[in-house]
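As structure tokens, the structure follows; a few thoughts come after it.
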Amino acid sequence: MQNERSRSRRWFLGLGAAWSAALVACQSKTASPPPAEPRALGAAVSPYGSRSKFEKTARYFNQNTKVPLEEASSRTPLHETYGIITPSSLHFERHHSGVPELDPATHTLTIHGLVGRPLVFSVDELKQLPSKSRIHFIECSGNSGGEWRGGSTESDVQRIHGLTSCSEWTGVPVSTLLRECGVDPKATWVLAEGADASKHDRSIPMKKMMDDAMVVYGQNGEPLRPEQGYPLRLLLPGWEGNSNVKWLRRLKVMNEPAMSREETSKYTDLMPDGSARQFTFELEAKSIITRPSGGDTLVAGAFCELTGIAWTGRGTIVSVEITTDAGATWAKAELQTPVLPIAHTRFRFPWKWDGKDTVMASRCTDSTGYTQPPLTELITVRGMNSQYHNNGIQAWKVASDGKITNGNRA
Amino acid sequence: MATARKRLLRVAQGVGLALLVAQGFPKVAQDFSPAVLAQSPTFGVGHAPNPALLQQIDIDVTPDGKGLLPGSGTAAKGKDVYTRRCETCHGPTGTEGPQEILAGGKGSLATPKPQKTVGSYWPYATTLWDYINRAMPFDHPSTLTPDEVYSAAAYVLFLNGVVGEQDVLNEATLPKIQMPNRNGFVTDPRPDTPIKRK
């Protein structure tokens, strides 16, 4: 069945059949002695919770770079988060000119342009309108971008793929707001603009705005974090991160795209013939094994659960397949319910490692019938300079000493 | 929940906007200014923008030049603006960095080492004006006068050989500039991988 294709392709490392049918396992934990009976009171109640002092999980960002940290990225520790919701404090960041400090008492959203009735809404007024809560991922289109040129064997899942996060977002459908403003039904584009220093702006097709776009103020049950656009951001389910404009201050209804810097010179995909694809909004189906992954060490013979996340900007994940024998065979992983549209989907796969070199990977299929391709197939079509929108299969190489490294570099 | 349902019922029964505003949204009801005419018809929130404030934030510029502010500049004048406000990040000739490379890269897009500069990649001169005006200099955005923006844009275009040193850029001339990569962009054709694996 699907194995025939996989065998014929040998897509990641060109590995021979000698590496097939490996059984693999995770590192075992040493047991620690039980704690003494508590004889002292614990801490009192507190107004706002914080995590245990023993937990150190953090976003990763490169501090030794010429890129100013105000326009840098920080990446979600995908290997150290569980389930499908990313804690707000660990949601990835990508700013273009720093995080502005906006007062919700004075910040407003202005809707104007091709509307019968331009309107300014306060944050409080938006909160009075009929609301919706939806669980959606946001992924930066530059996520996994280093892999176009082979990536680094030293890299791990956080550094390669940490520009995706998933939250429950609460807000108002943009369609509600546009209708209240008497939008011109023939208008085709809406410019969304932030109140950050660079006034980050993207032109969005009207169809998306009327379909499922939202102006959100809530994230995981509380107000948006400043890094995520407090007090208001645009949410375009399944579309590349930077189009979900943070610190949203303005929506202008237009009949053409503004051709802003971020939709011409940036976030466009350069092809081998020198042309560039523009307005590449949807994020295609993608999955990654997040644990164990690059940097982890396996122990032969011990039980090990492979787990990871899958997502698609075009609908719902319907299946995730795992190979632990370098693509010779694929078997279905279990999907954790609920499986939600345009959301991270958690998958699991029980496993044991037999101590031999191998490659493990996941691939997903979404509700449109599209299956995540090998990175080599994407490179065949798009070359190595497209920089953005890499949804290719992530291969993890397992060495005979159990060490896992990035296996995309053949 | 129950209150919300009651509100909806009232609307459905045609009790109307006045009651909805008065009972459902007391903050608005207390403020019956002339702006109420511009409020959203269904929910009675929002107000008409103050024209002066709207003008302040309505900064975008489209390829036809709509949105450009009155003013003018030349590359000759722009050299001074560039040296004072741009050179630290972009280098003496726009090719040195340490930040974004602005000039050069002509003919490099289809090679293994493409250089995406204003001259080699950007399709519209209006985008350059807009971006300098909205976001540059990086640490002091929106501090250049319109004349300085025209001049800085002219200088960057001059470094790329797109305009001459004395060419005057203004609301009329800037949108007419034909950028070298104007026709370099195509729309998204994905999915583009050869096999859809059912």
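So the values come out like this:
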quantity: Chain-alone versus full-assembly comparison, region B:120-145, residues with accessible loss of at least 10 Å² (1.4 Å probe); calculated: B:Tyr121, B:Trp122, B:Pro123, B:Tyr124, B:Thr127, B:Asp130, B:Tyr131, B:Arg134, B:Ala135, B:Phe138, B:Pro141, B:Ser142
quantity: Amide H contacts under 5 Å for A:Val299, placed H, 5+ residues apart; calculated: A:Ala25, A:Cys26, A:Gln27
quantity: Cα-based reach from A:Lys127 at 16 Å (exclusive), listing lysines while leaving out same-chain residues under 8 positions away; calculated: B:Lys27
quantity: Inter-centroid distance (Cα atoms) of region B:93-163 relative to region A:74-125, Å; calculated: 29
quantity: Positions from region A:339-376 whose accessible area shrinks by 30 Å² or more when the full protein complex is built, not the chain alone, probe 1.4 Å; calculated: A:Gly369, A:Tyr370, A:Thr371
quantity: Interface burial for B against A (accessible surface, 1.4 Å probe, total of both chains, Å², rounded to 100); calculated: 5500
quantity: Amide H within-cut-off set for A:Val318, under 5 Å, with H built and near neighbours excluded; calculated: A:Thr365, A:Asp366, A:Ser367
quantity: Partners for A:Lys403 among lysines (Cα-Cα distance below 19 Å; same-chain residues under 8 apart left out); calculated: A:Lys29, A:Lys352, A:Lys356
quantity: Dipole of region B:72-176 [Lys/Arg +1, Asp/Glu -1 at C-beta], most positive-end residue of B:Asn133, B:Val163, B:Tyr150; calculated: B:Val163
quantity: Dipole moment magnitude, nearest 20 debye, the protein assembly as shown about Cα centre, only Lys, Arg, Asp, Glu C-beta charged; calculated: 1420
quantity: Flagged links, alpha-carbon separation over 18 Å, of A:Lys186/A:Lys208; B:Lys79/B:Lys113; A:Lys66/B:Lys113; A:Lys266/B:Lys116; calculated: B:Lys79/B:Lys113; A:Lys66/B:Lys113
quantity: Per residue, in Å², the accessible surface of the protein assembly as shown once ligands and nucleic acids are set aside, probe 1.4 Å; calculated: 44
quantity: Sulfur and carbon atoms: percent of accessible area, region A:267-410 [1.4 Å]; calculated: 53
quantity: Rounded percent of accessible protein surface that carbon and sulfur make up, region A:66-174, 1.4 Å probe; calculated: 47
quantity: Positions from region A:63-92 whose accessible area shrinks by 50 Å² or more when the full protein complex is built, not the chain alone, probe 1.4 Å; calculated: A:Lys66
quantity: Backbone HN-Hα couplings from phi across region A:99-115 [Karplus 6.51/-1.76/1.60, Hz, Gly and Pro as x]; calculated: 8, x, 9, 10, 8, x, 6, 10, 5, 9, 10, 9, 10, 8, x, 7, 10
quantity: Label-point separation, A:Val299 to A:Asn62 (7 Å along Cα→Cβ), nm; calculated: 3.5
quantity: Within the accessible area of region B:72-176 (1.4 Å probe), percent carbon and sulfur; calculated: 57
quantity: Per DSSP, loop GluC sites (Glu not before Pro) in region A:143-185 with at most 12 further Cβ within 10 Å; calculated: A:Glu154
quantity: Net charge of neighbours whose Cβ lies under 15 Å from the Cβ of A:Gly308, counting Lys and Arg as +1 and Asp and Glu as -1; calculated: -1
quantity: For B:Phe185, distant residues with modelled amide H under 5 Å away; calculated: A:Ala276
quantity: Solvent-accessible ranking of A:Leu78, A:Leu69, largest area first, probe 1.4 Å; calculated: A:Leu69, A:Leu78
quantity: Region B:149-161 - phi-based ³J(HN,Hα) in whole Hz, Karplus 6.51/-1.76/1.60, Gly and Pro as x; calculated: 5, 4, 5, 4, 4, 4, 5, 5, 5, 5, 4, 9, x
quantity: Region A:71-111: GluC sites (Glu not before Pro) falling in loop per DSSP and having at most 14 other Cβ within 10 Å; calculated: A:Glu101
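The values are calculated or read from the model by the stated rules, or taken from the named source; none is laboratory data. These numbers come from a predicted model, not from an experiment. Virtual Cβ from ideal backbone geometry, glycine too; neighbours counted across all protein chains shown. Areas reflect the complete protein model, heavy atoms only, side chains present, ligands, DNA and RNA absent. Shrake-Rupley method; radii C 1.70, N 1.55, O 1.52, S 1.80 Å.
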